[in-house]
Amino acid sequence: MSGKRSAMSNLTLSPQERRTRKMSKKLLNLLLVVMMLAVLVPTTLAAPPAQEEGQDYVVVADDWLSKLADKYLGNPLAYPAIVEFTNQKQAEDASYAEITDPDLIEVGWKIYIPSAEEAAEFVAAAPAAPAAEKTLTIAYKIQYNDHFDISTMVYGAEPTHMIYDTLVSVDPNYEYLPGGLTERWEVSEDGTTVTFYLKEGVTFHDGSEFNAGVVKWWLEEMVKEEGVVAYMYNAITEIEVIDDYTVALHMD
């Protein structure tokens with residue numbers, strides 16, 4: 001009955017009152033949604049400003065250097081500055097810890113966190129770390145070569161394709177396309193000369209330049225008698241370097 005009385009009472013309201021009541025309900029629903037969002041969405045706190053002066057710090061549980069660098073210096077990659085300044089302090093005062101491994105600090109250690117300005121200057125002046133040596137390990141179904149000299153490798157299409165770039169590539173439809181080293185090529189009308197126009201600005205891993213002279217040297221290595229793939233290049237009679245980025249292969 002209460003529902004009926006409520007419905008009947010709405011009929012007695014004026015049009016203006018009914019519009020006001022509808023607007024009130026919409027406003028309440030909107031406020032409810034906003035309140036729910038305020039509960040569900042965490043408040044984003046501004047990061048603390050980087051410190052202007054250096055300070056001593058005692059390591060507590062769940063500390064690590066990049067975390068401290070981010071908190072106090074505004075840059076997690078500035079942690080080497082904490083290592084350097086702490087070790088400088090330790091050389092004069094044994095109460096400071098000596099940090100020999102940036103990945104290992106212990107609770108209770110006394111360290112020194114420099115100012116953000118000092119840390120920034122240290123990071124900017126620090127020499128770049130040398131590139132770490134890397135080893136490529138390959139598992140193969142048969143006895144493999146002990147080198148990557150493609151002129152004498154017996155097997156190795158899979159790894160060599162991952163290491164070397166090419167003059168010519170093949171798409172899934174077996175259509176020939178320029179490889180990573182070539183802009184384009186042209187074939188003479190009689191079909192006996194292929195001229196490759198090489199990409200400029202290509203370098204080897206050691207920074208040396210790739211050019212037409214390199215292509216000539218490489219093909220000459222491939223056609224040596226001891227090369228296991230020499231037979232594939234027997235048709236080439238001359239390798240002509242036209243300019244730094246143009247090389248022509250002449251065939252019978």
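How much FRET efficiency would the formula 1/(1 + (r/R0)^6) give for Asp244 and Leu77, where r is the Cβ-Cβ distance and R0 is 45 Å, rounded to 0.05?
Working: r = 41 Å, r/R0 = 0.90.
Efficiency computed from Cβ-Cβ geometry: 0.65.
Taking R0 as 25 Å, what's the FRET efficiency between Glu92 and Glu133 from their Cβ-Cβ distance, rounded to 0.05?
Numbers: r = 36 Å, r/R0 = 1.44.
Computed FRET efficiency for Glu92 and Glu133 comes out at 0.10.
Taking the convex hull of the alpha carbon atoms in the range 55-125, what volume per residue do you get, in Å³?
It is 79 Å³ per residue.
Would you grab the residues whose amide H sits under 5 Å from the one on Ile99? Only those 5+ places off in sequence or on another chain, please, with H modelled 1.01 Å from N.
Asn87
Can you give the extra length, in nm with one decimal, that the chain gains between Met251 and Asp206 once fully stretched, where that is 0.36 nm per residue apart less the Cα-Cα distance?
Values: separation 45, 0.36 × 45 = 16.20 nm, distance 3.29 nm.
Value of the extension gain: 12.9 nm.
With each label point set 7 Å from Cα along the Cα-Cβ vector, what nm distance links Tyr231 and Arg184?
3.6 nm
Please report, for the Cα atoms of the range 165-251, the Rg to one decimal and the Dmax as a whole number; what are they, in angstrom?
Spelled out, the Cα radius of gyration and Dmax of the range 165-251 are 13.3, 40 Å.
What's the FRET efficiency of Leu104 with Tyr164 using the Cβ-Cβ distance as r and R₀ = 45 Å, to the nearest 0.05?
0.65
Please compare each pair in Lys89/Lys110; Lys134/Lys199; Lys134/Lys224 to a cut-off of 21 Å on the Cα-Cα distance and tell me which ones are over it.
On the way: Lys89/Lys110 10 Å; Lys134/Lys199 28 Å; Lys134/Lys224 31 Å.
Among Lys89/Lys110; Lys134/Lys199; Lys134/Lys224, the Cα-Cα distance tops 21 Å for Lys134/Lys199; Lys134/Lys224.
No lab work stands behind these numbers, since they all come straight from the coordinates. None of the values given here were measured: they were computed from a predicted structure. No Cβ is skipped: glycine too gets one built from the backbone with ideal geometry, and neighbour counts run over all protein chains shown.
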